[in-house]
1. Does Phe185 satisfy the criteria of being in contact with a helix residue (DSSP H, G or I) (Cβ under 7 Å, 6 or more places away or on another chain) and in a helix (DSSP H, G or I)?
2. Scan the range 200-215 residue by residue and report those that are surrounded by fewer than 24 Cβ atoms within 10 Å (Cβ to Cβ) and either among the small types (Gly, Ala, Ser) or not assigned by TED's automatic domain parsing to the domain that holds Trp105 (or both).
3. If the requirement is being in the same structural domain as Val68 (by TED's automatic domain parsing), closer than 27 Å to Gly136 by Cα, buried (at least 19 other Cβ atoms within 10 Å of the Cβ) and in contact with a strand residue (DSSP E or B) (Cβ under 9 Å, 6 or more places away or on another chain), which of these qualifies: Ser171, Ser188?
4. Can you name the residue in the range 267-279 that is free of Cβ contacts under 8 Å to residues at least 60 places away in the same chain and surrounded by 12 or more Cβ atoms within 10 Å (Cβ to Cβ) and is also farthest from the chain's Cα centre (by Cα) among such residues?
5. Within the range 408-458, how many residues are in a loop (DSSP other than H, G, I, E, B) and under 30 Å from Thr386 (Cα atoms)?
6. Would you check which residues across the range 355-374 are within 19 Å of the chain's Cα centre (by Cα) and under 30 Å from Arg279 (Cα atoms) and list them?
7. Starting from residues that are surrounded by 23 or more Cβ atoms within 10 Å (Cβ to Cβ) and out of contact with any Lys or Arg (no Cβ under 9 Å at 6 or more places or on another chain), keep the ones in the range 365-382 and report whichever is farthest from Ser301 (Cα to Cα).
8. Report those helices (runs of 4 or more DSSP H) wholly inside the range 304-405 carrying at least 1 residues which are under 30 Å from Gly282 (Cβ atoms) and among the β-branched types (Val, Ile, Thr).
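The values are calculated or read from the model by the stated rules, or taken from the named source; none is laboratory data. Fair warning: this is a prediction, and the values are worked out from it, not measured in the lab. Glycine gets a Cβ as well: all are built from the backbone with ideal geometry, and neighbour counts include every protein chain shown.
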Amino acid sequence: MRRLSAATVLATSLVIVVSLLGALPSTAAPVHATSPSASQSVSLAQVSAKPRKGPKPAPDNYTPPAGVKFNNPLAGKESRGRIRRHLIRTIDSVPGREQIRVASWNVKSTDIQNALARAHERGVSVRVIIDRGNAGPAKPNPGFDNMANRLRAGQKSRLATQKSGTRKCVSSCRYYSGIAHTKFFMFSKAGKASNVVIYGSNNATDLAAHSQWNDMFTTRGQGNIYQEFLGIFDQMYLDKAVKQSYLTYQHGSFTSYFYPYKGKGTQDDPLLRDLNDIRCKGATGGTGTNGRTKIRIAQTSMHGDRGKRIATKLRDMYENGCDIKIVYAVFGNNVLKILRNTNRGRIPIRQIAQDFDLDGVYDKYLHMKNMAVSGVYQGRTDANVTWNGSGNWTQVALDSDEIVMRITGPRIRAQYANWVDFLYANPPRFTGAKAIAATTARRTAIANGIRPESGIEVN
């Protein structure tokens, strides 16, 4: 059994008690499997043999706020770069001898790459995981390779737990198939906060800022959540399949679901299971819409057999009275047909994608993967529940490294629902001559065998 890595190495200690270097056990057992265990501890002799100076201070003193951040590629500089700036400032606020762990399908932002390398150079342990397909012969990523070289330098005097490095997972890191698609960033300390986890739909790319609508959610000061993410990261870093790759944990209002969806307890589709727990009528306590459960969905991709099953369930829920609204980027034609044909008329759906350079291919698009429910859920008639994270509504998502979090509470639910309503009411559109030009370009692309969605990075 693997064991969790130490979350922090105390900066001012001259003697470290060996027993404290292991990860603290979680107070909540996983629903379907045991928790990953801690990595090997370091002997007292190793620690005390080479006394060190104090840690190098961080160049920034940013304390990342808890909660959700959205970006809008069509708004001003502040809004476009809101998430990227949040990540970079957090990286730059980690002092020496602390730890940064990043698992992102792609790491292609020069600013983020440089920030991670700077952190390593001031004594932070930095480890980064990406999908192999995003830094190889087919898709060269010289910035990532340069960062990897910088992370390898100056490591001889570091303890094993404080070494930096990178990993390119062959498929999903914890199973035989799928992709390394999850997006989470971990910081043992940043500013005045400890045990910081930032997760969501945003990859560490510039594309995420200037071409995508994304969300990222920050938790801090919650050691149990941090340690569970750390255990998953440590398993991913080995790039070896594990028998029980699906793990789920619950702490207060947070329930985490770590994919691939393989192992014990994975017989049914997890999303359909959650949708089956929703009832469309009987909402009380100010939830829902006139007594009907309110559902707001932002989803990049839904297609294939799994997509059709989910669409069919949503159609049935809409016909039963649920107040549903959906924004999306790429849905299969069969999925759209199901959603547009119900006995109440079409479900309100709107594509958030636009061809701004008029070449017939979409280049700005929704990249979020979340659902907010207000109303009847799991027997409660006044529930407020949000699902967010990295998972698309496709089959490959079940086979891939993903994080999906379920959060209970009215404030977060309202933030996500209001953002969906905003996007639905304000989609990227052309008018007049530009609208005609965009339509012509799209038709020309299709006639030439080019799909308008071919430029969308659905993963």
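1. No: the conditions fail for Phe185.
2. Within the range 200-215, Ala209, Ser211 meet the criteria.
3. On inspection, the qualifying residue turns out to be Ser171.
4. Asn276
5. 8
6. Leu366, His367, Met368, Lys369, Asn370, Met371, Ala372 - these are the residues of the range 355-374 that are within 19 Å of the chain's Cα centre (by Cα) and under 30 Å from Arg279 (Cα atoms).
7. The selected residue is Tyr365.
8. So the answer is 304-319, 333-340.
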